[in-house]
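Down below is the structure, laid out as structure tokens.
The values are calculated or read from the model by the stated rules, or taken from the named source; none is laboratory data. Because the structure is a prediction, the values reported are computed rather than measured. Every residue, glycine as well, gets a Cβ built from its backbone with ideal geometry; the counts of neighbours run over all protein chains shown.
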Amino acid sequence: MQFLEIVKNLQATPSSKLNPPKFIFKLNKEAAEFNANILSGYGFNLREVIKDQHPSQISFGSEFRSPNLLQELLCHHPLWERLRTILVEGAHFPLREIPDSDRLIDLNYHVDRGNHKSATVHSEVLKNLISEDVEWGFALPLPITVLPHIPKAALAPLGCVKQVTLDSSGNKIKKNIE
């Protein structure tokens, strides 16, 4: 089959129906507590929760066509098998593991320290940015108290950074974070 024919067939194939996720993707305390209870029921193993909710928007690769459909289009690409694995199992990054004792010290430090001052100063901007990520299912609201129970969990403080962007003519303009 020719490339364009394969693409047309892919485009004509309806997307798989996704089940609603068990989690609540809203930025509020009730959603965070609800999500923590679900996670607790799986021994705080996020990978198991994700697997159990297949197919849903939180399933690995859910934003793509199924690997079986993509096979014909991508099977000759040298990284196809690696991509297939990512779509089915999620991405694995070859990072050096942090010993639990060090990770927990770091986690507790960041919980005690809190976010950067800029996050407090620009809290509404930050809340709007985070709310969007949560509503799209890219961030899971959880109470901070569950973090020590999540295997390998780490915490990074939030902050707002003043940046520049380019306008349509290529001129630098400041991004307004206020």
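Here are a few things to note about the model shown:
- Complete set of residues in the range 43-63 that are more than 15 Å from the chain's Cα centre (by Cα), part of a loop (DSSP other than H, G, I, E, B), of a type outside the set (Gly, Ala, Ser) and surrounded by fewer than 16 Cβ atoms within 10 Å (Cβ to Cβ): Asn45, His54, Pro55
- Scanning the range 64-77 for residues that are farther than 24 Å from Arg47 by Cα and in a loop (DSSP other than H, G, I, E, B) gives Cys75, His76, His77.
- Members of the range 55-67 found to be out of contact with any strand residue (DSSP E or B) (no Cβ under 8 Å at 6 or more places or on another chain) and farther than 16 Å from Ile24 by Cα, listed by number: Phe60, Gly61, Glu63, Phe64, Arg65, Ser66, Pro67
- Restricted to helices (runs of 4 or more DSSP H) entirely inside the range 78-134, those with at least 3 residues that are free of Cβ contacts under 8 Å to residues at least 40 places away in the same chain and β-branched (Val, Ile, Thr) are 80-89.
- For Leu70: the one exception among (1) touching a helix residue (DSSP H, G or I) at 6+ places or on another chain (Cβ under 9 Å); (2) more than 28 Å from Ile150 (Cβ to Cβ); (3) surrounded by fewer than 15 Cβ atoms within 10 Å (Cβ to Cβ): (3)
- Filtered residues of the range 46-72 (kept if touching a Lys or Arg at 6+ places or on another chain (Cβ under 9 Å) and over 18 Å from Pro20 (Cα atoms)): Pro67, Leu70, Gln71
- Flag for Leu158 being touching a residue at least 60 places away in the same chain (Cβ under 8 Å) and of a type in the set (A, V, I, L, M): no
- Residues satisfying the stated conditions in the range 26-53, i.e. basic (Lys, Arg) and either farther than 17 Å from Trp136 by Cβ or without any contact (Cβ under 8 Å) to a residue 40 or more places away in the chain (or both): Lys29, Arg47, Lys51
- So Ser101, is it under 27 Å from Ile150 (Cβ atoms), at pLDDT below 95 and surrounded by fewer than 12 Cβ atoms within 10 Å (Cβ to Cβ): yes
- The range 1-42, residues that are in a helix (DSSP H, G or I), polar (S, T, N, Q) and within 30 Å of His76 (Cα to Cα): Asn9, Gln11
- Residue tally, condition hydrophobic (A, V, I, L, M, F, W, C), assigned to a loop (DSSP other than H, G, I, E, B) and loosely packed, with under 10 Cβ neighbours inside 10 Å, over the range 135-175: 2
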